[in-house]
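As structure tokens, the structure follows; a few thoughts come after it.
Just so you know, all these numbers are worked out from the coordinates, no wet-lab data involved. Since we're looking at a predicted model, the values are computed, not measured. In this analysis, Cβ positions are derived from the backbone assuming ideal geometry, glycine residues included, and neighbour counts consider all displayed protein chains.
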Amino acid sequence: MAREADTPLLIAGLGNPGNEYARNRHNVGFMAIDHIHARYRFGPFKTRFRGDVAEGSIDGRKTFLLKPMTFMNESGIAVGALAKFYKLPLNAIIVIHDDLDLVGGKLRVKTGGGDGGHNGLRSITSALGPDYRRLRVGIGHPGTKERVYGYVLGNFTRADEDWLEPLLAAISDALPRMAADDDAGFMNKVAVLLAPPKPAASGPLAPKG
């Protein structure tokens, strides 16, 4: 029986193709994939399976990075095609996506469940079933349902950048834990990486005079 590490890993980041969408909140999955690609030794992105695909390894485990080029609502076409071609089990698939239900900068890992109204997840579930792993990146909520469309297709603000870049870096640095199927360890590592520095302990005051 093959060890988990012998099974290739697929990490798919969700977003919309095109420069006009590049900094949208909805494209945080693409942003995470680009960080991971830069952090580890991956080959160049190539057009395959209706997406941009790069091959490499994370902590010794063969890994595919995927950015679907089908637009968000049909993400399952690309994810499903690659997963089925390589006969990947669902626990070897990680989908990184934006999440309105989490405060901006918060992160959660989940396996299975519903799509929460996320059209990209709905498409992937339709193609593969629900039991893949999800890395949920909180982007916050605009407050009313009517504002959601414009909000997710709006760019991250300068204030968002204060948490966004450190979070993407922490995801990349902690990813070997997920490659080892240790999702709880991944979350712990991210928490450590993002923890504010502790104030230096103050020593005794020097005598005056």
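Antiparallel as a % of all DSSP beta bridges within the chain, to the nearest 5?
55 percent
With viscosity set to 0.692 mPa s at 37 °C, what whole-number translational diffusion coefficient in µm²/s follows for the chain from Stokes-Einstein and a Kirkwood radius over Cα pairs?
Rounded to a whole number, D works out at 184 µm²/s.
Let me have the 222 nm mean residue ellipticity of the chain computed from DSSP H runs of 4+ only, each contributing -39500 (n - 2.57), with the sum over all residues rounded to the nearest 500.
Per the formula, -10500 deg cm²/dmol.
Using every pair of alpha-carbon atoms in the range 84-141, split the distances into 10 Å bins beginning at 0 and state the percent of pairs per bin, rounded to integers.
24, 54, 19, 3
Please get the size of the charge dipole for the range 4-192, origin at its Cα centre, with Cβ charges of +1 on Lys and Arg and -1 on Asp and Glu, quoted in debye to the nearest 20.
So the magnitude is around 280 debye.
Go through VAL103, HIS37, THR157 and say which Cα lies farthest out towards the positive end of the charge dipole of the range 4-192; charges sit on Cβ, +1 for Lys and Arg, -1 for Asp and Glu.
HIS37
When the Karplus curve 6.51 cos²θ - 1.76 cosθ + 1.60 is applied with θ = phi - 60°, which whole-Hz ³J(HN,Hα) does each residue of the range 41-57 get, with x for Gly and Pro?
Working through the residues one at a time gives 8, 10, x, x, 5, 10, 7, 8, 6, 6, x, 9, 10, 10, 10, x, 8 Hz.
Springs between alpha-carbon pairs under 10 angstrom, Gaussian network model over the chain: which of THR111, THR70, THR157 fluctuates most?
Looking only at THR111, THR70, THR157, the biggest GNM fluctuation is shown by THR157.
Largest first, please: the extent of the C-alpha atoms of the range 34-123 along each principal axis, to the nearest Å.
Principal axes ranked by extent give 34, 26, 23 Å for the Cα atoms.
Based only on the alpha carbon positions, what is the Kirkwood hydrodynamic radius of the range 96-194, in angstrom?
Answer for the range 96-194: a Kirkwood hydrodynamic radius of 14.5 Å.
Could you list which residues have their amide H under 5 Å from that of ILE58, counting only those 5 or more apart in sequence or on another chain, with H placed in the peptide plane?
THR63
From the backbone phi of the range 67-84, what are the Karplus-calculated ³J(HN,Hα) couplings (6.51 cos²θ - 1.76 cosθ + 1.60, θ = phi - 60°) in whole Hz, Gly and Pro given as x?
Per-residue couplings from phi come out as 10, x, 9, 9, 6, 3, 5, 10, 4, x, 4, 6, 4, x, 5, 5, 4, 6 Hz.
For a quick check: sort GLU161, GLU55 by the number of other beta carbons within 10 angstrom, fewest at the front.
GLU161, GLU55
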